[in-house]
Structure formats: structure tokens, C-alpha cells
1. Specify the residue with the greatest mean-square fluctuation among Lys142, Lys280, Lys258, computed from a Gaussian network of the chain linking alpha-carbon atoms under 10 Å apart.
2. Report ³J(HN,Hα) in whole Hz for each residue of segment 147-154, in order, from the Karplus equation J = 6.51 cos²θ - 1.76 cosθ + 1.60 where θ = phi - 60°; Gly and Pro get x.
3. Grab the DSSP H runs of the chain that are 4 residues or longer, score each as -39,500 (n - 2.57), total them, divide by all residues and round the 222 nm result to the nearest 500 deg cm²/dmol.
4. Segment 1-70 to segment 269-291: how many Å between their Cα centroids?
5. Taking the Cα centre of the chain as origin, sum charge times position over the Cβ atoms of Lys and Arg (+1) and Asp and Glu (-1), and report the length of that vector in debye to the nearest 20.
6. Where Lys and Arg each count +1 and Asp and Glu each count -1, what net charge lies around Gln71 among other residues with Cβ under 14 Å from its Cβ?
7. Where does each of Phe126, Phe115 land when they are ranked from fewest to most other beta-carbon atoms within 10 angstrom?
8. Quick check on the exposure proxy: order Thr19, Thr143 from fewest to most C-beta atoms within 10 angstrom.
Amino acid sequence: MKFKLRQMEVFRAVMLTGTASGAARMLYVSQPAISRLLTHTETSIGVKLFERVGRKLVPTDSAVALFEEVQHVYDAALGVDRFVENLANQSAIELSVSCSPALGLSLLPRAIEMFHRRNPKLRIHFYTTLTIDVPNELLSKKTDLAVTLLPLNNPNLTVETIGTGRIVAAMMGDHPLASRNSISAEDLAGHAVILPAPKIAFGRFIRAALEGMGADITPAFEVPRAELACALARRSLGIALTDEFVASPDIWPGMVVKPFAQPITYDINLIYPKYSARSKAAEGFIQVLRECMQLHEAGKLFV
């Protein structure tokens, strides 16, 4: 292997600190040792990683690209450390949960709040991820459970539908359509509309649903994440068409949320490895998640 683990560690430290001296302090070694290893690394892999500008080490484009890959390795190593810690304690002392970005602002934080109250000593790792990355993260044990807006097919994963959500129209309270009980596709004509971009699966889902209703909408704004649509709507830039969880009024003061007259719904899916035993912590979190969905359906989730 040309690029050894120690070289990765030093390279990462320099990228984070910007100087050889900073990397030396971070790794508790001498500055000359860092400089020698960097020079050896560039020679052995045949790639120039840094431009020397005074005392600073300015990363090249190659270094920036390499850093992303090294960070993946570093994250995996942290996962191994956590696994070893669990083995040493002979019990699950943490739980890792991921979700679609749109569920990360309200539904999952509420579930984590409820779970934490019952398990205050258990450490929780929580992050958002794209559905396309879920299989690798679950099967590599980076995460224990995932919750997504869209379905996923993988023979090694169990996908369990735990509830449904709706696409809604979110707008400021002074918008001309804010007094309507519901919104139709025809109501949107002549108004600026904000949509998730078609490059993401959720954006394609919303467009397909609108087309099925006979709507031909050209958005005024496209965004890569659902919450950004709400952020623009809150600036009175248009109507955000997004999921009801990210558009929750308690997150966006002053905004109103209207359902579609012809409902557009989607499944909320719990996903976990099919052939791995779940810990008691994972089982407990799944139970809490089901309770959250029951509260949601009863309109009491955020009461």
C-alpha cells in the first residue's frame, strides 16, 4: 500500500491545522518529523499535496480531493473504536440513527428526545443521509437504524413502513393563498413555487405527483434540501412544496402550512439489517419511533 495509515493521519492533521507545526501539536510529535513524512508521502505516491507559502501549507486540488477519501477512512476507524468499546463493556452503550434530511428537523429529534428521557446514559449518534447511501451505512454498521421518506429495495435489509406523511404547501401568513383550507394544483398558477431539485429523489417524487394531478409547474426556485425551500418561503419568496415534517410551523414562525386538496402522501420507512440481531437499545428506539408516529397521526406529536 503506497499511502499508509500513518501517512493518512499526518496528512489529515495538516489539512485540519494548515501548518506542520499545528499538525505536530495535534499528533504530539516534532515539526521536523511531520515535514519529513509529508515530503516522503508526496514522493511515494507521486502527487504534490501542498504548496509551501511561508509557514503555511496550502493544499492543492489533489489534496482537497484526497482529504475527502481519507476522512471516510477516519470515520470508519472511529466506528471500529466504538465497536471495541461496546465489546469491552459487553453491552450497547450507544445507538447510531440516521434519517432522510427532511425528517431530521422535527420527527427524529422528537423521537430522540423521548428515547433519551428513558435512557439518559445511552449515547446517541444522529445524522442525516441520502436514501442512496443508506444500504452501505447499515451493512457496514456505521448506523444501526435508518428512517427514510422513500422506499428502498435491498435483499439484505428489512424495510418496514411505520406511517405516512403528506406533501404540503408552506407559505407566509400574508400570502394570498394562506387563507385557503387546502391548496389545489390550479391554485398555484401565477404564484412563485419553490421545489426540491429533480436531482434528488424527493424532488422527483413531488414532480411526478404534481404531473399526475395534471399540474405543469415551473418553479421559481429549486433547492437541494427540503428545509431550504421553507427558508426561502419564510422570506416571502414563494410557496414551498415539501413534506409536512420539515414544514412544521414550530420550526418556521409566521408560516402557515396547507394540505393539498388532492392528498399527496408518502411512506415513512424504518430500515435495518435483515440478518443482524438488534440491540435492546435499537429495539427501544423502534418502539419510541412507533409511538411518535401514533402521536403524529393523532395530531399530538409536538404538543
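Rule-based calculations on the coordinates, nothing more; no lab input. The structure presented is a predicted model; accordingly, all values stated were derived computationally and were not measured. Note that each Cβ is placed from the backbone with ideal geometry, even for glycine, and that neighbours are counted across all protein chains shown.
1. Lys280
2. 10, 10, 7, 10, x, 8, 10, 8
3. Rounded to the nearest 500, it is -13000 deg cm²/dmol.
4. Between the Cα centre of segment 1-70 and that of segment 269-291, the gap is 41 Å.
5. 1100
6. -2
7. The fewest-first ordering by Cβ neighbours comes to Phe126, Phe115.
8. The most exposed by this proxy come first: Thr19, Thr143.
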